[in-house]
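*Asks:* Take a look at this one; I'll ask things after.
Please treat every number below as a calculation from the coordinates, not as lab data. For clarity, every value in this text was computed on a predicted model and none was experimentally measured. FYI the Cβ positions are ideal-geometry reconstructions off the backbone, even for glycines, and counts take in every protein chain you see.
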């Protein structure tokens with residue numbers, strides 16, 4: 001049955017490839033037909049039946065609608081888009097992304113709980129993630145004016161000598177969380193990083209982070225605003241820029257403190273009122289994400305970072321945005 005469906009998809013794919021493409025819209029994106037979307041969705045369902053629904057129709061359409069890097073006057077070939085999306089799903093499978101939240105939940109409970117005893121490896125991995133999350137260096141908070149979730153990165157809180165594997169897994173979990181809670185039709189997010197005095201760049205972490213962003217989250221980053229730019233961040237970018245695809249490199253903005261205030265006022269949902277105190281504004285993020293020293297335990301384990309509260313707040317602000325913008 002699966003083979004028949006796959007064969008049917010391949011035949012439909014050949015027909016779709018031969019279909020003449022219309023031109024791009026004002027944003028430079030090309031149309032994707034319902035038939036093409038169905039073909040891609042069927043292919044993913046055949047190959048990854050347990051996880052294919054992770055990719056929304058809006059995201060699949062977004063990926064397939066982009067200009068082709070080898071010829072910007074054309075849309076990405078359907079075959080190229082299918083390869084790109086299949087690579088995302090394989091990366092998720094190979095890196096065990098789908099088990100990260102389960103591991104975190106195990107670490108938030110008691111070590112002698114039945115589920116923890118049944119999965120000691122997951123508990124160990126979860127404890128490592130908890131240690132990385134507890135610093136409060138990364139979290140989702142608020143939306144942009146067009147309803148995209150904002151991931152805040154407070155580099156001063158990140159460890160100088162990180163457990164690279166655990167920190168990367170935390171960032172992957174956070175990215176997955178933000179994507180899962182996006183409003184319908186939204187496919188990308190914004191990152192704002194406070195980078196006045198970050199810890200010295202850890203080459204393995206930087207390369208692993210970039211690798212995860214490219215392989216696991218293509219076309220997910222709307223933009224990254226880094227402010228105020230420091231000499232360390234210049235070193236970081238000198239390391240990373242040569243490794244980045246052009247489309248990704250163009251989404252990074254490194255600006256001074258004064259320009260950052262203007263950029264965030266333009267970008268954030270409530271403008272100046274949403275600029276955090278650690279970047280010179282009046283919005284106190286520490287009410288929700290204090291320094292680790294001031295955090296209570298959030299469960300029976302070692303988790304202090306308010307992951308589950310973060311999810312609830314993101315859901316709440318997204319619901320409020322949808323109610324205020326019913327036509328979007």
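*Asks:* From a point 7 Å beyond the Cα of residue 328 in the direction of its Cβ, which residues of segment 177-214 have a backbone N at a distance under 12 Å?
*Replies:* The answer is 183-187.
*Asks:* Here is a follow-up. Quick check on segment 130-324: of the DSSP beta bridges with both residues there, what percent are antiparallel, nearest 5%?
*Replies:* Within segment 130-324, antiparallel bridges account for around 25 percent of the total.
*Asks:* Neighbouring Cβ atoms within 10 Å as the yardstick, rank 144, 95, 73 fewest first.
*Replies:* Lowest count first: 73, 95, 144.
*Asks:* Please give the Cα centre distance for segment 186-241 versus segment 67-145, rounded to the nearest Å.
*Replies:* That distance is 17 Å.
*Asks:* So the label point goes 7 Å from the Cα of residue 83 along Cα→C-beta, right? Which residues of segment 200-232 then have their backbone N under 13 Å from it?
*Replies:* What the label zone holds, given the 13 Å backbone N cut-off, is no residue at all.
*Asks:* On to the next question. Given springs between every Cα pair under 10 Å in a Gaussian network model of the chain, which of 247, 75, 92 has the largest fluctuation?
*Replies:* Looking only at 247, 75, 92, the largest GNM fluctuation is found for 247.
*Asks:* Something else: Nearest 10 degrees is fine. How inclined is helix 164-180 to the longest principal axis of the chain, computing both from alpha carbons?
*Replies:* 60 degrees
*Asks:* Here's another thing I want to ask about it. For the pair residue 246 and residue 33, how long in nm is the line joining their label points, each one 7 Å along Cα→Cβ?
*Replies:* 3.0 nm
*Asks:* Taking a point 7 angstrom from the Cα of residue 257 along the C-beta vector, which residues in segment 276-308 have backbone N less than 18 Å away?
*Replies:* 276-285
*Asks:* Another one. Take every Cα pair under 8 Å in the chain that's 6+ residues apart, average their separations, divide by the length, and report that relative contact order as a whole percent.
*Replies:* Relative contact order here is 16 percent.
*Asks:* For the chain, give me the percentage of DSSP beta bridges that are antiparallel, rounded to the nearest 5 percent.
*Replies:* Around 30 percent antiparallel, to the nearest 5.
*Asks:* Stretch residue 68-residue 161 to full length: gain in nm at 0.36 nm per residue minus the Cα-Cα span? Mind showing how you got there, number by number?
*Replies:* Working: separation 93, 0.36 × 93 = 33.48 nm, distance 3.94 nm.
Length gained, residue 68 through residue 161: 29.5 nm.
*Asks:* To the nearest 10 degrees, how steep is helix 78-95 against the longest Cα principal axis of the chain, on a 0 to 90 scale?
*Replies:* 40 degrees
*Asks:* Additional query: Using a Gaussian network model on the chain with a 10 Å cutoff between Cα atoms, which of 249, 132, 64 fluctuates the most?
*Replies:* Taking springs between Cα atoms under 10 Å, the residue moving most is 249.
*Asks:* Extending each Cα 7 Å along its Cβ direction at residue 238 and residue 207, get the distance between those two points in nm, one decimal.
*Replies:* 1.8 nm
*Asks:* Between helix 2-18 and the chain, what is the angle of the helix's C-alpha long axis to the longest principal axis, kept within 0 to 90° and rounded to the nearest 10?
*Replies:* Once rounded, one gets 80 degrees.
*Asks:* Got the relative contact order for segment 130-324 handy, in percent, Cα pairs under 8 Å and 6 or more residues apart? Kindly include the intermediate steps, with their values, before the conclusion.
*Replies:* Working: 289 pairs, mean separation 49.8, N = 195.
Once normalised by length, the contact order is 26 percent.
*Asks:* OK, next. What distance in nm lies between label points placed 7 Å from Cα along the C-beta direction at residue 316 and residue 90?
*Replies:* Result for the modelled spin labels: 4.3 nm.
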